[in-house]
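See below for the structure under consideration.
The values are calculated or read from the model by the stated rules, or taken from the named source; none is laboratory data. As the structure is a computational prediction, the values presented were derived from the model and not from experiment. Glycine gets a Cβ as well: all are built from the backbone with ideal geometry, and neighbour counts include every protein chain shown.
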2 protein chains.
Amino acid sequence: MKDKGNAPQETSHDGAISSKSRRTTLQDVASEAGVSFSAVSKVIRGASGVSPEMRSKVTAAIEKLGYRPHAGARAMRGKSFTIGVVLVELTSPFQPEVVQGISDELETSPYQEIIVAAGIAPERQQRAVEALIDRQVDGLILIAPWTTAEWLEDIAAKIPTVVVARHGGARNFDTVVDDDYEGARLMVDHLVGLGHRRIVHTSMPSGGLTRPFVLSHTARLDGYEQAMKRHGLEPEVIVTSYSEKGGYQAALQALAGTPRPTAIFAGADVAALGVLRAAEEQGLMVPEDLTVTGYDNIYVSTIGRISLTTVDQSGQLTGANSAKLLLERINGRETPKNYVVAPRLIPRATSGPPATATLQSQAELSST
Amino acid sequence: MKDKGNAPQETSHDGAISSKSRRTTLQDVASEAGVSFSAVSKVIRGASGVSPEMRSKVTAAIEKLGYRPHAGARAMRGKSFTIGVVLVELTSPFQPEVVQGISDELETSPYQEIIVAAGIAPERQQRAVEALIDRQVDGLILIAPWTTAEWLEDIAAKIPTVVVARHGGARNFDTVVDDDYEGARLMVDHLVGLGHRRIVHTSMPSGGLTRPFVLSHTARLDGYEQAMKRHGLEPEVIVTSYSEKGGYQAALQALAGTPRPTAIFAGADVAALGVLRAAEEQGLMVPEDLTVTGYDNIYVSTIGRISLTTVDQSGQLTGANSAKLLLERINGRETPKNYVVAPRLIPRATSGPPATATLQSQAELSST
DNA sequence: GAATCGGCGTGCAACGTTGTCCATGAAAAG
DNA sequence: CTTTTCATGGACAACGTTGCACGCCGATTC
């Protein structure tokens, strides 16, 4: 394997090769196999018009030299085999689960994902998408984008796109959503079934989006309100943010009301954690004095100390499905598909019948 | 702006343009500005030999056409302005914080990060790195890689690299590590200061790595053992994994010992959560009957219901610093740098003096 | 006033692929 | 035995950049 002496490394002017050795290219493989480089390209692309011997010779050479195609060069002509994924925050508990589902699904495909955490601001999200398009991604998966519907349609007209956690369907892209409406109903039914009547819901600003093109939290809000009305109960909503702090603030506000609610249904598990803190501070026992529930079934909710009653929507499944839809779309499908993930109620330790059931119903009666 | 009739869209054979309009290129900008495309390239690259008028004309044209450079084409000749980041798991609580730090740092640079979750298996991590190299990343940040030191040096010889959370320094790459050794000492001192003498530590397998080239958890283990010995105490280590389940199992094992330990110092917060669950199941009050502490100061540890005593190592800072080091290296620095993040003890509600202090010391005396 | 210099703009050859078009030769059909 | 067909492999022109080499021209120097 020594190549000393009479094998001049190509007569280039480039005297000082920068120690970092050159990458093996199609050309290298071609000369190793003793064929033309177009033939090698054909083998790699699985194009027709290749004899079996040809194929095996080339495959052997590729193996021997450890050849790997240059993504940049590929991107110049056609596909880059790269998928762009945009999410809001990596350190938030739910969205990374979706990404993990995407990663796992793409693991067996030739595609590689690029992940960008773009925050909540629409402008920054748009810049992130543009940066991905510069990198010639073959497709986009946008998780809970806060941009306008028109902008999304424009982007999707240019490049195969799947949007996650956004309701309302679309013309040019596929969607994967949890049935948030149904999930909220499940939770309200659970709480009402336990005997609760004053149930407060915490939500987030709608971000200027209009129905039916809304993000998950708005659909949950709608589901909550409808379910409450169906039970003949008065909805009560407090709008803060989906964060521990937002939940804490919402809880303080809710608990100051008279009569005090017996249950707080936070729109997200993170917010429910804040509600728990507020309850603790006010000396309320959960679930004896106050039932607290969330949505998302994030990891923290499962651990013993928290054991939060919540709704599961399988981030993994959501991610895997969006990756599947995107690959279909890259392979030519044009008609939009909308995949709906069925939510599942997970009753745990933070929900129970209201201890003050009799007292409460008296208050209800006198106030009606 | 209508271009009907006598503006033939270039005399190409390509009749059916696939609706998705062509991207604007250097050439387009050049004709808009009435200059050569090399001139435009110079302006973009900030090369010398450009007159002010030239620059403004070109900048205007770029602005007008909304030109954005094609990353693939750039990657063919030189830089791709892309950084590859490899981590173990996106859904783990600590590593995404590091990535967030990297993202924030790169936000103001022309570089864009590609994130890959590669799992714990060295082979899969290696494949991930190769996929990134195929994409011509200009640099790599590897978070807690389980690969051999030789392999890392080989990669780093080819491409600027920063390794996070791996001790021992290196020839060809920079490292950013928390001073895990010191952090473990802080925790042991804290516990001993409270009066504990039987302190169990939970760790993870070393993954076949040999000192001094070890991952964080091994350094924590070393720090724990040294500190215990300095206090004249007997170290007791249980090896499982850094997960809720791993912590649970370790705790069961530890609590079965006689005399029972009064404190369990888990090597990671996630594991400490499992310890808490085990304690709860056995009817032990924390911290009255058992002190539980962790390491990493993940988000969950901060919330009221958990309020875990732990050691903070600022993932954000770690990430930001590794990005800075990588950019320096991309700009030509060759001499390796090792950045050490100072750990900080965060005492919270899960640690306190052992209730059975007298009893405990009797047991100690009789067993010695 | 001629020679030299340096600033500025242009031309052009890569870079590593893809996919179309073309030449070759063997097998099948007449 | 000649013509057509078809499978196979090779040549080659893009793709959108970068960065070097060159040529022009006005200004400085002797």
| Subset tally (residues that are surrounded by fewer than 16 Cβ atoms within 10 Å (Cβ to Cβ), of a type in the set (Ser, Thr, Tyr) and either within 14 Å of chain A (Cβ to nearest Cβ) or part of a helix (DSSP H, G or I) (or both)) for region B:33-85 | 4
| request: Output the qualifying pairs, or none if there are none: Cβ atoms under 9 angstrom, residues six or more apart or on different chains, first residue in region B:28-42 and at negative phi and hydroxyl-bearing (Ser, Thr, Tyr), second residue in a helix (DSSP H, G or I) and near DNA strand C (Cβ under 7 Å from one of its atoms). | output: B:Ser31/B:Phe37
| query | Looking at (1) without any contact (Cβ under 8 Å) to a residue 40 or more places away in the chain; (2) of a type outside the set (D, E, K, R); (3) within 29 Å of A:Thr210 (Cα to Cα); (4) part of a helix (DSSP H, G or I), which is the one condition that is false for A:Gly119? | reply | (4)
| query | Conditions: (1) in the same structural domain as B:Ala170 (by TED's automatic domain parsing); (2) in contact with a helix residue (DSSP H, G or I) (Cβ under 9 Å, 6 or more places away or on another chain). B:Ala75 meets all but one. Number of the miss? | reply | (1)
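Quick check: is even one residue across region A:141-154 touching a Lys or Arg at 6+ places or on another chain (Cβ under 7 Å) and not assigned by TED's automatic domain parsing to the domain that holds A:Thr335? Give the steps one after another, and end with the answer.
We begin by selecting, within region A:141-154, every residue touching a Lys or Arg at 6+ places or on another chain (Cβ under 7 Å); these are A:144-145, A:153.
Pick out the ones that are also not assigned by TED's automatic domain parsing to the domain that holds A:Thr335 and you get none.
Scanning region A:141-154, I find no residue that is touching a Lys or Arg at 6+ places or on another chain (Cβ under 7 Å) and not assigned by TED's automatic domain parsing to the domain that holds A:Thr335, so the answer is no.
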| task | Name, by its number, the condition in (1) within 12 Å of DNA strand C (Cβ to nearest atom); (2) within 39 Å of the chain's Cα centre (by Cα) that does not hold for B:Glu63. | result | (1)
| message | Being in contact (Cβ under 8 Å) with a residue 24 or more places away in the chain, surrounded by fewer than 24 Cβ atoms within 10 Å (Cβ to Cβ) and either closer than 27 Å to A:Glu182 by Cα or hydroxyl-bearing (Ser, Thr, Tyr) (or both): is that true of A:Asp296 here? | response | no
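Each row is one residue, and each column tells you yes or no for (1) away from DNA strand D (no atom under 13 Å from the Cβ); (2) out of contact with any Ser or Thr (no Cβ under 9 Å at 6 or more places or on another chain); (3) touching a residue at least 40 places away in the same chain (Cβ under 8 Å); (4) closer than 30 Å to A:Lys324 by Cβ.
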residue	(1), (2), (3), (4)
A:Ser51	no, yes, no, no
A:Met54	no, yes, no, no
A:Ala60	yes, yes, no, no
A:Lys64	yes, yes, no, no
A:Ala73	no, no, no, yes
A:Met76	no, yes, no, yes
A:Ser80	no, yes, yes, yes
A:Gly84	yes, yes, yes, yes
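Looking at region A:86-110, which of the residues that are among the hydroxyl-bearing types (Ser, Thr, Tyr) and within 10 Å of chain B (Cβ to nearest Cβ) is farthest from B:Ile114 (Cα to Cα)?
Top of the filtered list is A:Ser92.
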| Just one of A:Ala128, A:Ala157 is surrounded by fewer than 18 Cβ atoms within 10 Å (Cβ to Cβ) and within 13 Å of chain B (Cβ to nearest Cβ); which is it? | A:Ala157
| task | Quick one: A:Thr147 ticks every box in (1) in a loop (DSSP other than H, G, I, E, B); (2) within 30 Å of A:Ser351 (Cα to Cα); (3) not hydrophobic (A, V, I, L, M, F, W, C) except a single one, so which number is it? | result | (2)
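For region A:160-190, enumerate the residues that are small (Gly, Ala, Ser) and either assigned to a strand (DSSP E or B) or surrounded by fewer than 21 Cβ atoms within 10 Å (Cβ to Cβ) (or both).
Step one: of region A:160-190, the residues small (Gly, Ala, Ser) are A:165, A:168-170, A:183-184.
Selection gives A:Gly168, A:Gly169, A:Ala170.
Does B:Gly119 count as touching a helix residue (DSSP H, G or I) at 6+ places or on another chain (Cβ under 9 Å), at positive phi and surrounded by fewer than 21 Cβ atoms within 10 Å (Cβ to Cβ)?
The answer is yes for B:Gly119.
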| Within region A:60-90, how many residues are under 19 Å from A:Gln125 (Cβ atoms) and among the charged types (D, E, K, R)? | 1
| query | Which of the residues spanning region B:133-149 are buried (at least 23 other Cβ atoms within 10 Å of the Cβ) and within 12 Å of chain A (Cβ to nearest Cβ)? | reply | B:Arg135, B:Gln136, B:Val137
